[in-house]
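S.K.: Encoded as structure tokens, here's the structure I'll be asking about.
The values are calculated or read from the model by the stated rules, or taken from the named source; none is laboratory data. Quick caveat: nothing in here was measured; it's all calculated off a predicted structure. Positions of Cβ are generated from backbone atoms using ideal geometry, with glycine treated the same way; all protein chains shown enter the neighbour counts.
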């Protein structure tokens, strides 16, 4: 599932679960499993937890919420599995779901198990072994955007997918919902951000652009590149936030993570994917390419850009709140409060037309 730099590691003590109970459950639901699995944890991801279960016959991947997570809608593993199952036939990059568990007696939380996709997942920098020159990086970048466009072209009205949408008004619901999540995630010293919320409320389009399947977390570190041909994307991971909604909201959420070569040093320090490499499109170029390929009007892009950053700010603050409350001791979350405050300042610069 991952490149050598992202190999699964020993399970953190706070994230451990009863392996024997999971093994017994899986053997009742997946044919051919024998022996006891070894369990390791993937280090990537700051929300839900992902583990590698290695049996003598095959490798499996288990996904579960973080310990202490209470908001079902924010960490709904069974919903994520349903989305993936419904989408698999129309979008072949989705890993196959092999088992789902809603029995709290197994590990105390819902979880699901899926197939393991072997390949490379890009993190902060391009692995030297990929051997991509500037043209190769550009091809990789365009392929990444094309996979998002393909997702947006899936028929969202087909049985199994339509149930995940609530119809017209997606943009308004998102602005209201993420605004409330921000208020609920406040910690001592956090930025109230009421000016950003007011701007989003006043600037939001009156109508959605379309109603399609959207991923809501489409990043390079959520796609799997073919091991023998890194320009081919063979899998798309992390469907927790997928739904039916406005495609430009999806693109805005994706580009919130898109740190390019000329960004300021603080934003550069946030970079989690190699979008700064020579050959990568800038955020402006990505939007223009998307508009050309889809025929969608992107002239009011500023709203989607700022909403994407605000949404990311909320996600960062929610994780920091769990850290501040002692629900996780993962040291990588210690600076997330400062990161959320920076994202607020970035939103304000865009609101003022300074970037």
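S.K.: Looking at the stretch 283-336, which of its residues are more than 20 Å from residue 67 (Cα to Cα), out of contact with any helix residue (DSSP H, G or I) (no Cβ under 9 Å at 6 or more places or on another chain) and not in a helix (DSSP H, G or I)?
M.R.: Of everything in the stretch 283-336, just one residue is more than 20 Å from residue 67 (Cα to Cα), out of contact with any helix residue (DSSP H, G or I) (no Cβ under 9 Å at 6 or more places or on another chain) and not in a helix (DSSP H, G or I), namely 295.
S.K.: Let me ask something else. Residue by residue through the stretch 85-109, note down the ones that are under 19 Å from the mean Cα position of the chain (by Cα) and either assigned to a loop (DSSP other than H, G, I, E, B) or within 11 Å of residue 62 (Cβ to Cβ) (or both).
M.R.: 88, 91, 92, 93, 94, 95, 96 - these are the residues of the stretch 85-109 that are under 19 Å from the mean Cα position of the chain (by Cα) and either assigned to a loop (DSSP other than H, G, I, E, B) or within 11 Å of residue 62 (Cβ to Cβ) (or both).
S.K.: Just checking, does the stretch 128-140 include any residue being touching a residue at least 40 places away in the same chain (Cβ under 8 Å), under 29 Å from residue 314 (Cα atoms) and in a helix (DSSP H, G or I)?
M.R.: No, every residue in the stretch 128-140 fails to be touching a residue at least 40 places away in the same chain (Cβ under 8 Å), under 29 Å from residue 314 (Cα atoms) and in a helix (DSSP H, G or I).
S.K.: Report the residue count in the stretch 223-262 for those that are within 23 Å of residue 346 (Cβ to Cβ) and at pLDDT below 95.
M.R.: 1
S.K.: If residue 108 meets every condition in (1) in contact with a strand residue (DSSP E or B) (Cβ under 9 Å, 6 or more places away or on another chain); (2) not assigned by TED's automatic domain parsing to the domain that holds residue 257 apart from one, which number is that one?
M.R.: Among (1) in contact with a strand residue (DSSP E or B) (Cβ under 9 Å, 6 or more places away or on another chain); (2) not assigned by TED's automatic domain parsing to the domain that holds residue 257, residue 108 violates only (1).
S.K.: Let me ask you something else. Restricting the search to the stretch 149-167, which residues are assigned to a helix (DSSP H, G or I), in contact (Cβ under 8 Å) with a residue 60 or more places away in the chain and either out of contact with any strand residue (DSSP E or B) (no Cβ under 9 Å at 6 or more places or on another chain) or not assigned by TED's automatic domain parsing to the domain that holds residue 223 (or both)?
M.R.: Passing the criteria: only 149.
S.K.: Let me spell it out: the conditions are (1) in a helix (DSSP H, G or I); (2) modelled with pLDDT under 95; (3) surrounded by 17 or more Cβ atoms within 10 Å (Cβ to Cβ), and residue 197 meets all of them except one. Which number is the exception?
M.R.: Among (1) in a helix (DSSP H, G or I); (2) modelled with pLDDT under 95; (3) surrounded by 17 or more Cβ atoms within 10 Å (Cβ to Cβ), residue 197 violates only (2).
S.K.: Now, a different point. Does residue 188 count as over 26 Å from residue 321 (Cβ atoms) and out of contact with any strand residue (DSSP E or B) (no Cβ under 6 Å at 6 or more places or on another chain)?
M.R.: In short, no.
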